[in-house]
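One structure is given here, and the rest of the page talks about it.
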Amino acid sequence: MSTSEGMLFCIYDPVKKSSAWVALNETGHDYVVRSSDPANDRVTLESRGQVLTLVLRASKTAAMTASGREPPGVNMPPGVNPADEAARLEAISKEVRRRRMLREQVEQAQQRADRQNGLRGPPQ
């Protein structure tokens, strides 16, 4: 990122699971950014005596519908028909609803049986 004070680089440390914005040759971290190649989105840094070249991670974006879901066909593996995938997902959704309904029916039947047997809740 270009600032009025020069370039800053956001370096993420996966071991510490933290990131920091650092300037070129700035000390005070476990690493020092030694050079940058903005045209190729790369920085070279030194960490614990090793020289590493880091490349900016490509962003992952996808189109979304108004419902917040990806439209069918977005980010699908090659060879997958969007209509077939939509039908498969609909079938899964119907099966989930069917199983929930059955589970609720069993719970309601159990509650009725418990009431008929004089049980009002779990034993304490």
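Figures for the structure shown
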item	result
Any hit, the stretch 42-52, residues being modelled with pLDDT of 85 or more, of a type in the set (D, E, K, R) and exposed (fewer than 10 other Cβ atoms within 10 Å of the Cβ)	yes
Pairs, first under 18 Å from ARG57 (Cβ atoms) in the stretch 5-30, second among the acidic types (Asp, Glu) and in a strand (DSSP E or B), C-beta under 9 Å, six or more apart	SER19/ASP13; ALA20/ASP13
Residue identified as at pLDDT 85 or above and in contact with an Asp or Glu (Cβ under 9 Å, 6 or more places away or on another chain) among VAL55, VAL96	VAL55
Of all residues making up the stretch 1-60, the number that are not acidic (Asp, Glu) and not in a strand (DSSP E or B)	21
Given (1) under 30 Å from SER19 (Cβ atoms); (2) at pLDDT 85 or above; (3) surrounded by 11 or more Cβ atoms within 10 Å (Cβ to Cβ); (4) within 23 Å of the chain's Cα centre (by Cα), number of the condition LEU89 does not satisfy	(1)
So GLU5, is it acidic (Asp, Glu) and either touching a Ser or Thr at 6+ places or on another chain (Cβ under 9 Å) or surrounded by 13 or more Cβ atoms within 10 Å (Cβ to Cβ) (or both)	no
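The values are calculated or read from the model by the stated rules, or taken from the named source; none is laboratory data. Worth saying up front: this structure is predicted, and the values here are computed from it rather than measured. Cβ coordinates were reconstructed from backbone atoms using ideal geometry, including for glycine residues, and neighbour counts include every protein chain displayed.
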